[in-house]
Amino acid sequence: MESISTCCLSAVALGAFFGFQGSVSPGPLQTVIISESLSRGLRSSWRAATVSLVSDPFALVVAVFFVSNLPNAFLVGISLLGALTLWRIAWLQFHTTDDDFTFQSQSRLSFFSIWTTNMFNPNLWIFSFTINAVQINDFYTAGGVIPVAVYLSTFFLAICSCNLLIALLASKSRRLFNVKRLVVVNRILGVFLLIVSVRFVYMGFSYL
């Protein structure tokens with residue numbers, strides 16, 4: 001076994017790297033973070049920025065225990081459910097109006113909608129099975145529970161911190177847009193969500 005200190009240093013480096021990569025990679029969660037930040041500010045978008053804390057652990061638990069026995073049908077189902085979730089959010093984006101920004105009349109996305117967006121994101125599950133589960137197993141084999149705890153703590157700290165920074169920057173940039181531009185931006189984000197949802201369907205059927 002490697003020394004605990006060596007394992008922990010490696011865990012910090014890899015946890016920070018993968019957390020940052022997961023945050024800045026384009027995807028549905030990043031779109032939700034930016035959309036919520038532009039329309040309702042950091043008071044709403046922080047929920048999306050930190051949702052990984054209550055969605056990723058489910059994927060990690062499944063990945064750690066079943067990483068070598070995952071049926072393709074599982075990823076197909078995750079991809080199709082993810083596409084349906086994205087279509088629903090895109091529909092809301094297309095119906096954004098000036099009043100939604102001026103009077104805050106449009107209700108913000110529920111935490112459950114944000115949670116399902118990330119839970120049904122096949123990229124989360126693929127990353128959990130192909131990257132995080134392998135890292136957890138390696139650190140546990142090399143140094144036991146402590147390096148695993150360090151890796152997971154660093155990973156979640158990095159991904160949530162970067163997401164919050166993205167949300168903060170997006171919310172501050174609202175001052176650069178007038179209301180009509182914000183409507184356009186949200187509808188563009190809706191188009192992006194539809195494109196990603198189609199890709200999710202393609203990814204799902206590619207596993208058959």
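Observations on the model:
- Test: ARG43 is at pLDDT 90 or above and among the charged types (D, E, K, R): no
- Qualifying residues in the stretch 1-21 (those that are under 25 Å from PRO122 (Cα atoms) and in contact with a Phe, Trp or Tyr (Cβ under 7 Å, 6 or more places away or on another chain)) - the one most open to solvent (accessible area, probe 1.4 Å): LEU14
Okay, residues lined up against (1) at pLDDT below 80; (2) open to solvent by 20 Å² or more (accessible area, probe 1.4 Å); (3) acidic (Asp, Glu); (4) more than 30 Å from PRO71 (Cα to Cα):
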| residue | (1), (2), (3), (4) |
| --- | --- |
| THR96 | yes, no, no, yes |
| PHE103 | yes, yes, no, yes |
| SER128 | no, no, no, no |
| ALA149 | no, yes, no, no |
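- Residue within the stretch 25-36 that is open to solvent by 10 Å² or more (accessible area, probe 1.4 Å), modelled with pLDDT under 80 and outside any loop (DSSP other than H, G, I, E, B) present: no
The values are calculated or read from the model by the stated rules, or taken from the named source; none is laboratory data. All figures in this text were calculated on a predicted structure; none of them were measured in a lab. Cβ sites come from the backbone with ideal geometry, for glycine too, and all protein chains shown count toward neighbours. For the accessible areas, the whole protein counts, side chains as well, though only heavy atoms, and no ligand, DNA or RNA atoms are used. Shrake-Rupley method; radii C 1.70, N 1.55, O 1.52, S 1.80 Å.
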